[in-house]
Amino acid sequence: MTERKSLNVLVVGGGGREHALVEACGASPLRGKLIAAPGNPGIAREAACFPVAVDDVPGMVQLARSESIDLAVVGPEVPLTLGLADALRAEGILVYGPGRDAARLEGSKIFTKNLLQKHRIPTAASESFTNAAAARQYVSRRNLYPVVIKADGLAAGKGVIIAANYQEADRAIADCLEHGAFGEGGQSIIIEDYLDGEEASLHLMVAGNAFVVLPTSQDHKRAGDNDTGPNTGGMGAYSPAGVLEGDALQEVIEGIARPSVEAIAAEGLDFRGTLYIGLMMTGTGPKVLEFNVRFGDPETQVILPRMASDPLALMHDCARGDLTRAEIELRPERALCVVLAADGYPGAYRKGDPIEMPEIRESDAFIFQAGTAKDATGRTVTAGGRVLGVTCLGKDLATAAAAAYALCGKIRFEGMHFRRDIGARELKRKK
Ligand code: AMP
Ligand code: GLY
């Protein structure tokens with residue numbers, strides 16, 4: 001491999017995912033200047049933070065220019081769907097993250113469904129609608145429950161309704177198409193068959209037709225233990241995911257990942273970034289639930305700590321469209337992350353409470369900050385729904401879980417809550 005010069009890197013975003021990205025970039029031998037926007041107090045310990053909002057495309061471009069950035073790593077989907085990567089590339093700045101065109105893979109479920117169906121990649125049978133009467137007709141004709149109704153566009157994780165019967169489906173159709181419950185993103189919907197099975201996700205780093213497979217992971221989307229309560233952005237994760245080991249992983253790579261990457265390239269989409277494939281492992285094989293065009297959060301908080309290969313070097317390769325490696329090296333440990341949330345999350349939540357947490361000195365434990373801020377007196381306080389991500393590595397999952405929960409026991413803020421069963425299903429399976 002040729003000697004590389006150090007890179008000035010901008011990480012776009014300010015959540016737990018971006019804190020994990022900043023830690024990974026900070027540990028890289030390629031690291032030059034490292035900045036983040038908007039960042040957060042945890043990120044600020046490693047990288048200078050600039051108060052530019054993630055959806056401020058001109059502001060972000062201006063920042064990248066004035067700080068002589070070589071490579072921008074974009075965390076969240078919103079700036080990608082707004083064309084941040086295109087705007088930065090137009091200035092000659094390398095970007096890890098797709099342009100607006102390819103970001104439609106996350107921004108439009110109909111666009112993705114059409115691509116999956118055209119290229120015969122396994123996914124739930126579905127149809128798309130803008131007309132409520134036609135949608136109702138489809139549901140009653142198909143007569144299969146539960147049935148899944150999805151807003152086409154971004155809906156901050158809330159645009160998916162699983163309807164148990166015709167009445168619930170009818171209400172969901174009315175909410176989306178007649179009452180504008182999801183705004184513009186809900187003007188078109190997809191109605192698809194319900195898939196039964198266990199969810200898992202596979203993250204790929206992609207550059208055109210080339211890709212590497214990142215460690216597998218499983219998120220915990222529901223707010224409460226035993227997968228009860230409302231959906232959230234994710235309350236914890238572990239890696240690797242047992243449902244995606246061995247033959248199952250090979251089946252997903254050859255049957256889904258490779259054809260998806262090839263289909264995206266064949267459609268003329270310039271994809272340089274993370275392709276996150278959300279999967280349902282069904283009795284009739286793995287099927288695609290969704291694509292995201294960025295790292296998952298909290299999944300990133302277990303994926304990056306398990307990588308022995310340098311994530312920054314890989315992202316740089318992807319951004320240049322020069323990914324020649326086919327495989328990455330992993331650390332042998334397992335990882336588990338518990339998200340500590342503010343009182344009320346995923347609904348309206350408390351803010352401004354001081355956080356007590358220990359200094360981390362170990363190399364196998366991380367407190368990733370997400371919804372945090374500094375108050376006027378310089379204390380770190382809560383400022384978001386998901387406040388912290390506590391990740392520990394361990395020789396096996398049980399060790400990682402015990403270490404993560406022990407560390408959670410040393411952290412305090414008013415109204416703090418978290419799931420007690422992250423990884424529990426996997427631990428039972430291992431016995
Ligand atoms: P999506 O944004 O499409 O991934 O949907 C969000 C969540 O809804 C997924 O993580 C699943 O838990 C659930 N979901 C989506 N589509 C289906 C489906 N066809 N069958 C069962 N569950 C689904
Ligand atoms: N944790 C789910 C996501 O990042 O989409």
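The values are calculated or read from the model by the stated rules, or taken from the named source; none is laboratory data. As the structure is a computational prediction, the values presented were derived from the model and not from experiment. Every residue, glycine as well, gets a Cβ built from its backbone with ideal geometry; the counts of neighbours run over all protein chains shown.
Set side by side, the residues Phe271, Phe291 differ, and just one is under 28 Å from Leu84 (Cβ atoms) and within 14 Å of ligand 1 (Cβ to nearest atom), which is Phe291.
Hey, can you tell me all the residues within segment 170-188 that are free of Cβ contacts under 8 Å to residues at least 60 places away in the same chain and under 23 Å from Thr123 (Cα atoms)? Ala172, Ile173, Cys176, Gly185, Gly186, Gln187, listed by residue number. From the list Ala164, Ala151, Ala172, Ala156, pick out the single residue that is surrounded by fewer than 20 Cβ atoms within 10 Å (Cβ to Cβ), more than 20 Å from Val12 (Cα to Cα) and either modelled with pLDDT under 95 or within 16 Å of ligand 1 (Cβ to nearest atom) (or both). None of the other options fit; the residue is Ala164. Here Glu127 clears all of (1) assigned to a strand (DSSP E or B); (2) under 25 Å from Arg222 (Cβ atoms); (3) in contact (Cβ under 8 Å) with a residue 40 or more places away in the chain except the condition numbered (2).
Take the conditions (1) out of contact with any Leu (no Cβ under 8 Å at 6 or more places or on another chain); (2) away from ligand 1 (no atom under 16 Å from the Cβ); (3) modelled with pLDDT of 95 or more; (4) not polar (S, T, N, Q); Glu299 misses just one of them, which is (2).
Hey, could you check segment 15-42 for residues that are touching a Phe, Trp or Tyr at 6+ places or on another chain (Cβ under 8 Å) and part of a loop (DSSP other than H, G, I, E, B) and say which is surrounded by the most Cβ atoms within 10 Å (Cβ to Cβ)? Across segment 15-42, the extreme among qualifying residues is Gly39. Annotation note: Cβ proximity below 6 Å between a residue of segment 189-204 that is aromatic (Phe, Trp, Tyr) and a residue that is away from ligand 2 (no atom under 15 Å from the Cβ) and not in a strand (DSSP E or B) (sequence gap 6+ or interchain) occurs for Tyr194/Pro146.
Screening segment 223-296 for strands (runs of 3 or more DSSP E) wholly inside it with 2 or more residues that are at pLDDT 95 or above, buried (at least 24 other Cβ atoms within 10 Å of the Cβ) and within 16 Å of ligand 2 (Cβ to nearest atom) returns the ranges 236-239, 272-282.
Scanning segment 216-234 for residues that are in contact with an Asp or Glu (Cβ under 9 Å, 6 or more places away or on another chain) and either within 13 Å of ligand 1 (Cβ to nearest atom) or closer than 22 Å to Ala248 by Cα (or both) yields Thr216, Ser217, Gln218, Asp219, His220, Lys221, Asp227, Gly233, Gly234.
When Gln218 is tested against (1) in a strand (DSSP E or B); (2) of a type outside the set (Val, Ile, Thr); (3) within 24 Å of Ala319 (Cα to Cα), exactly one condition is not met: (3). Can you find even one residue in segment 201-212 that is within 11 Å of ligand 1 (Cβ to nearest atom) and either closer than 25 Å to Pro98 by Cβ or part of a strand (DSSP E or B) (or both)? Yes, segment 201-212 contains at least one residue that is within 11 Å of ligand 1 (Cβ to nearest atom) and either closer than 25 Å to Pro98 by Cβ or part of a strand (DSSP E or B) (or both). When segment 311-363 is filtered for residues that are of a type in the set (Val, Ile, Thr) and part of a helix (DSSP H, G or I), nothing remains.
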